[in-house]
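The values are calculated or read from the model by the stated rules, or taken from the named source; none is laboratory data. The structure displayed is predicted, hence computed values, not measured ones. All Cβ positions, glycine included, derive from the backbone under ideal geometry; neighbour counts span all protein chains shown. Each accessible area value is taken on the protein alone, full model and side chains, heavy atoms only, with ligands, DNA and RNA left out. Shrake-Rupley method; radii C 1.70, N 1.55, O 1.52, S 1.80 Å.
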Amino acid sequence: MNDKAIVSTTTLVVSLIAYLYAKEAQKDAVPYMLVAGFIGSIVGETIVEKRNNPDK
């Protein structure tokens, strides 16, 4: 799996979780998805960095 796919997948998964949470809580989903997408991309980048440089 290449680096872009890992970041995209984690961003998608975290955004979907936030969307489902917002719908369950009957809140506006847009702010939750924006924040979750940002957090998901950071998590994905961290996974890629750890995968490429296991010594750090």
- request: Would you check if there is a residue in region 6-14 being without any contact (Cβ under 8 Å) to a residue 24 or more places away in the chain and out of contact with any Pro (no Cβ under 8 Å at 6 or more places or on another chain)?
  value: no
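For (1) at pLDDT below 95; (2) aromatic (Phe, Trp, Tyr); (3) in a loop (DSSP other than H, G, I, E, B); (4) open to solvent by 100 Å² or more (accessible area, probe 1.4 Å), each residue gets a yes or a no:
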position: MET1; (1), (2), (3), (4): yes, no, yes, yes
position: SER8; (1), (2), (3), (4): no, no, no, no
position: THR11; (1), (2), (3), (4): no, no, no, no
position: LEU20; (1), (2), (3), (4): no, no, no, yes
position: LYS23; (1), (2), (3), (4): no, no, no, yes
position: GLN26; (1), (2), (3), (4): no, no, yes, yes
position: VAL35; (1), (2), (3), (4): no, no, no, no
position: PHE38; (1), (2), (3), (4): no, yes, no, yes
position: ARG51; (1), (2), (3), (4): yes, no, no, yes
